[in-house]
């Protein structure tokens, strides 16, 4: 009749459980595969743009990303196994969306950086990127049909760009071993 016996149900459940654990068996739930690098320093990025306040906001965003990831301990340059060095090379704010009358409704913020990670003891480079980009959008008009879609500020778009860039830098760092 298409119904499994108790023995059949148990066998099926045991097989599925085994497959689940075998499928996850190779994955490590700890983030301890960082080799000899256990700690990182993130000094202030150099700012080559005219955007005020971006240095502190971006550097703190990257530090927050490492703290949240929890793979590496964030510490001072003197105590760190590796140092992340970066230069903010560009900041753009451009129209991204328009209404029917061709008025701007949304902008996109792009932040560009040049960065590298080096071992602190011998200054050898672990990775280097000539141009990394983080981007975020912000609406300048709300939607009367949807009260949840309120106007936003450039700062909100900038924070999204910083979060994206921070995530990319953290991922590149912890996956580079």
- Among region 93-111, those whose backbone N falls under 15 Å of a label point 7 Å along Cα→Cβ from residue 149 are 96-107
- Classify region 35-174: rounded, prolate or oblate, from the alpha-carbon gyration tensor (a ≥ b ≥ c, eigenvalue square roots; a/c under 1.5 rounded; otherwise prolate if a/b is larger than b/c)? prolate
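Give me the number: length gained by fully extending residue 103 to residue 119, i.e. 0.36 nm times residue separation minus the C-alpha to C-alpha distance, one decimal in nm. The partial results should precede the final answer.
Numbers: separation 16, 0.36 × 16 = 5.76 nm, distance 4.93 nm.
Stretched fully, the residue 103-residue 119 segment lengthens by 0.8 nm.
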- Item | Computed FRET value (nearest 0.05) for residue 93 with residue 38, which takes r as the C-beta separation and R₀ as 35 Å | 0.35
- Query: Shape of region 110-177 from its Cα gyration tensor (a ≥ b ≥ c, root eigenvalues): rounded if a/c is under 1.5, otherwise prolate when a/b > b/c, or oblate?
  - Reply: prolate
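Just need the relative contact order of region 35-174 here, percent rounded to a whole number, with Cα pairs under 8 Å and 6+ apart.
The value is 22 percent.
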- Rounded to the nearest 0.05, FRET efficiency between residue 56 and residue 135 (Cβ-Cβ, R0 22 Å) equals 0.65
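Only the coordinates and a few stated rules stand behind these numbers; no lab work does. Quick caveat: nothing in here was measured; it's all calculated off a predicted structure. Virtual Cβ from ideal backbone geometry, glycine too; neighbours counted across all protein chains shown.
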